[in-house]
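Structure, as structure tokens:
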Amino acid sequence: MQSSDKVNIKEALNERDGFQVWWRLLRPHTLTASFIPVFVGSMLAFREGYVNLPLFIAMLIAAVLIQAATNMFNEYYDFVKGLDSEDSVGIGGTIVRDGIKPKTVLQLALRFYGIAILLGIYICLESSWWIAVIGLGCMVFGYLYTGGPLPIAYTPLGELFSGFLMGTVIIGISYFIQAEVITPEVIFASIPIALFIGAIMLSNNIRDLDNDKENGRKTLAILLGRRNAVRFLASMFIIAFMITAILIIADILPIWSIITFIGAVKAVDVINKFKGKTQPIEMMPAMAATGKTNSIYGLLLGVSLFISMFI
């Protein structure tokens with residue numbers, strides 16, 4: 001029966017073997033949370049005439065590697081702590097369903113961190129060694145998100161930490177390595193992105209609410225309850241778009257940034273997809289739509305900044 005359940009879950013999630021096993025381990029739907037902040041931070045700098053393409057590429061690769069490694073640490077430690085099973089959704093499933101050794105996942109995560117450190121050294125050489133302090137701090141928090149004695153992901157602070165570090169901090173670093181300065185306007189511009197990244201984490205926790213509760217987690221979704229958590233998610237979307245409007249009116253963002261409101265359609269879709277759903281597999285479309293909302297908003301924001309350089 002167990003093997004039959006395993007096959008059914010794999011089929012329901014359309015999980016394939018071969019290269020797809022390793023691709024799922026990266027949790028590609030979450031990687032926009034690393035790409036978008038680097039893209040936006042760099043576009044904010046490019047808009048002001050600061051352009052260093054090698055630094056942009058190095059920062060982008062390093063951020064994606066750190067995010068992927070964080071996902072692997074999550075996969076490893078959730079398995080070690082007995083939180084993941086063959087029936088779990090929203091995970092790579094490489095350990096519990098595909099038979100990849102836990103040690104292999106951990107070693108791969110550490111190698112990704114190693115490459116990110118090398119890229120970080122290059123970035124520091126070209127900008128400032130203060131970046132090393134901030135970058136290492138991000139890596140430590142990436143590990144502590146699911147590792148350590150009190151994982152951040154098991155507390156109500158997961159959304160706050162992920163939004164601040166992956167949103168505001170990464171945007172700030174991406175801008176600083178180009179411009180060699182940080183401004184209040186950059187911090188303000190980062191807030192909507194931080195909210196969208198926090199929303200990805202909240203969506204994940206809404207989907208996993210029942211399993212997390214059974215395993216002793218105390219996430220924000222658990223404290224609020226499923227219905228109120230979905231309402232809180234909707235409020236995060238609303239606040240993000242309201243702040244965007246204020247930033248446009250205050251001339252911190254260009255008028256072209258109004259195109260980001262196209263993402264509001266997908267944000268509404270997220271909430272609708274959560275309504276009436278109680279099973280994790282039923283909420284997978286809502287989770288995917290949350291990531292797409294972040295991608296649409298972030299890409300359009302970056303494009304609007306790029307356009308404003310010429311018009």
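Can you pull the Rg over Rh of the stretch 245-311, Cα-only, Kirkwood?
Taking Rg over the Kirkwood Rh, I get 1.14.
Simple rule: put +1 on each Lys or Arg Cβ and -1 on each Asp or Glu Cβ in the chain, find the dipole, and look at Thr104, Leu233, Ser190; the Cα lying farthest toward the positive end is Leu233. Computed from the C-beta positions of Ile238 and Leu53, the FRET efficiency with R₀ = 30 Å rounds to 0.25.
Divided by 2.2 N^0.38 Å, where N counts the residues, the Cα radius of gyration of the stretch 200-311 comes to 1.22. The residue list Ala245, Ile200, Ser304 was ranked by how far each Cα lies along the charge dipole of the chain toward its positive end, using unit charges on Cβ atoms, and Ile200 comes out on top.
Using the Cα centre as the reference, give the magnitude of the dipole from point charges on the C-beta atoms of the chain (Lys, Arg: +1; Asp, Glu: -1; all else neutral), rounded to the nearest 20 debye.
Values: 23 positive and 22 negative charges, 97 e Å.
So the dipole magnitude of the chain works out to roughly 460 debye.
Based on the reciprocal of the average 1/r between different C-alpha atoms, the Kirkwood radius for the stretch 32-82 equals 12.3 Å.
Choose one of Gly142, Asn74, Gln279: the residue whose Cα lies farthest towards the positive end of the charge dipole of the chain (beta-carbon charges +1 Lys, Arg; -1 Asp, Glu; about the Cα centre). Comparing the listed Cα positions along the dipole, Gln279 ranks first. Electrostatic bookkeeping for Met59 treats Lys and Arg as +1 and Asp and Glu as -1; over the other residues with beta carbon under 15 Å from its beta carbon, the sum is -2. With the helix formula -39500 (n - 2.57) applied to DSSP H stretches of n ≥ 4, the chain reaches a computed 222 nm mean residue ellipticity of -22500 deg cm²/dmol.
Under 19 Å from a label point set 7 Å out along the Cα-to-Cβ vector of Ile311, the amide N atoms of the stretch 32-46 belong to 43-44, 46. Rolling a 1.4 angstrom probe over the stretch 119-164 with all protein chains present gives an accessible area of which 83% lies on carbon and sulfur atoms.
Taking each full run of DSSP H in the chain as one helix, which ones are at least 18 Å long along their axis (Cα atoms) and have mean Kyte-Doolittle hydropathy of at least -0.5? Don't skip to the end; give the middle numbers.
On the way: long enough: 32-47 (22 Å, 1.36); 53-80 (40 Å, 1.28); 102-126 (37 Å, 1.31); 130-144 (21 Å, 2.04); 184-207 (35 Å, 1.31); 226-249 (35 Å, 1.65); 284-308 (36 Å, 1.00).
Answer set is 32-47, 53-80, 102-126, 130-144, 184-207, 226-249, 284-308.
Counting only lysines at least 8 places from Lys292 when in the same chain, those with an alpha carbon closer than 21 Å to its own are Lys266, Lys273, Lys275, Lys277.
Shape class of the stretch 102-195 from the Cα gyration tensor (axes a ≥ b ≥ c, square roots of the eigenvalues): oblate, since a/c reaches 1.5 or more and a/b does not exceed b/c. Placing a pseudo-label 7 Å from each Cα along the Cα-to-Cβ vector at Thr183 and Leu118 gives an inter-label distance of 3.6 nm. The dipole here belongs to the stretch 50-179: it is taken about the Cα centre, uses +1 on the Cβ of Lys and Arg and -1 on the Cβ of Asp and Glu, and is about 300 debye.
Can you tell me the relative contact order of the chain? Whole percent, Cα pairs under 8 Å, sequence separation 6 or more. In percent, rounded to a whole number, it is 21.
The values are calculated or read from the model by the stated rules, or taken from the named source; none is laboratory data. Keep in mind that this is a model prediction, so the values were computed, not measured. Backbone-built Cβ (ideal geometry, glycine too); neighbour counts: all protein chains shown. Surface accessibility is based on the protein's heavy atoms, side chains included, excluding ligands, DNA and RNA. Shrake-Rupley method; radii C 1.70, N 1.55, O 1.52, S 1.80 Å.
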